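Before any comments, here is the structure.
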Amino acid sequence: MNRILRGILLYRNTDRLQMVKEFEQVRDHPEPKAVFFTCMDSRMIPTRFTETHVGDMFVVRNPGNVIPHAHHFEDEYFSCEPAALELGCVINSVRHIIVCGHSDCKAMNLLYQLKDPDFSSQKNRRLSPLRSWMCTHAGSSLTKFTEWKNNGMKDPLIFSSETSTRKFVAYIDPESKFALEDKLSQINTLHQVSNVASYGFLKERLKTHDLHIHALWFDIYTGDVYFFSRAAKRFVPVDEDNFHKLSEEVRKYYS
Ligand SMILES: [Zn+2]
């Protein structure tokens, strides 16, 4: 806690006044650009690797950057992720939803172990909210991954996106650079796109191309950030070589 207190003191003496100026700038005309879902991992600092600032993004974090599918929620039983979607995209008019996964994700490593029926038994899930969270809300990612892995990990995967008829194709880690758990993390990240689209209150805006869902993936080992390009059908590093092509894709399809 002292680390945090010292940090607050340092912030007061360095960044605070600048931030107050930025609060004033956006107070009367807030224009948040995105709702950004990512993992709670302490190494993930999305405002740093996107260089975004006060007023730019709503950020929602949980273990494994999971957005539960709408069919889990009936009556009053809810988690925060759909509420965050409503706050961002209904109360505010944010036009871009981003799901960002990452390598060496402890939640994904755990999800990978949950393929063992003993490890994911009902008894163990009762003892572990994290196992329960992963089994309930990311089990479908694991199923998709397991089928793909059993077929030799070369086949393209198909994900549904903004509407049930709009789909995209994905080749996962075609150069096989990443560990199995990281491949699972990429599949899980893409799977969340359809989970976001499952909420009825977003459907009209999604259908009319007024609201878009994107996937990013952060490589903890190199600091590289990947954008899922539906044109290239894979995660493409956002770097000097690819920037113009990716930027053109975003301008053409998502503006
Ligand atoms: Zn993680």
For this session: Show the residue pairs that are 6+ apart or on different chains and have beta-carbon atoms under 9 Å apart, the first residue being within the stretch 15-41 and in the same structural domain as LEU211 (by TED's automatic domain parsing), the second being in a strand (DSSP E or B) and of a type in the set (S, T, N, Q).
Result: PHE37/ASN62; THR38/ASN62; CYS39/ASN62; MET40/ASN62
Exercise. In the stretch 52-95, what residues are farther than 13 Å from VAL35 by Cβ, surrounded by fewer than 15 Cβ atoms within 10 Å (Cβ to Cβ) and at pLDDT 95 or above?
Worked result: none
For this session: Considering every residue within the stretch 146-169, establish whether at least one is assigned by TED's automatic domain parsing to the domain that holds SER229, at pLDDT 95 or above and within 16 Å of the ligand (Cβ to nearest atom).
Result: no
For this session: Hey, could you check the stretch 30-44 for residues that are away from the ligand (no atom under 12 Å from the Cβ) and surrounded by fewer than 22 Cβ atoms within 10 Å (Cβ to Cβ) and say which is nearest to ILE98 (Cα to Cα)?
Result: ALA34
Exercise. Which ones in the stretch 22-49 are of a type in the set (Ser, Thr, Tyr) and either modelled with pLDDT under 95 or closer than 15 Å to MET108 by Cα (or both)?
Worked result: THR38, SER42
Exercise. Considering only residues of the stretch 96-120 that are more than 16 Å from the ligand (Cβ to nearest atom) and surrounded by 14 or more Cβ atoms within 10 Å (Cβ to Cβ), which is farthest from VAL35 (Cα to Cα)?
Worked result: PHE119
Exercise. What pairs can you find where one residue is in the stretch 223-247 and in contact (Cβ under 8 Å) with a residue 40 or more places away in the chain and under 19 Å from VAL193 (Cα atoms), the other is assigned to a loop (DSSP other than H, G, I, E, B) and among the β-branched types (Val, Ile, Thr), and their Cβ atoms are less than 7 Å apart, with a gap of 6+ or different chains?
Worked result: VAL225/VAL238
For this session: Give the residue that is nearest to TYR199 (Cα to Cα), with candidates limited to residues of the stretch 45-85 that are within 16 Å of the ligand (Cβ to nearest atom) and among the β-branched types (Val, Ile, Thr).
Result: ILE67
For this session: Please specify each residue of the stretch 223-235 satisfying the condition of being touching a strand residue (DSSP E or B) at 6+ places or on another chain (Cβ under 9 Å) and either surrounded by 18 or more Cβ atoms within 10 Å (Cβ to Cβ) or within 24 Å of SER42 (Cβ to Cβ) (or both).
Result: ASP224, VAL225, TYR226, PHE227, PHE228, SER229, ARG230, ARG234, PHE235
Problem set entry | Residue check for ARG126: over 15 Å from the mean Cα position of the chain (by Cα), in a helix (DSSP H, G or I) and at pLDDT 95 or above | no
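The values are calculated or read from the model by the stated rules, or taken from the named source; none is laboratory data. Owing to the predicted nature of the structure, the values given are computational and were not obtained by experimental measurement. Cβ sites come from the backbone with ideal geometry, for glycine too, and all protein chains shown count toward neighbours.
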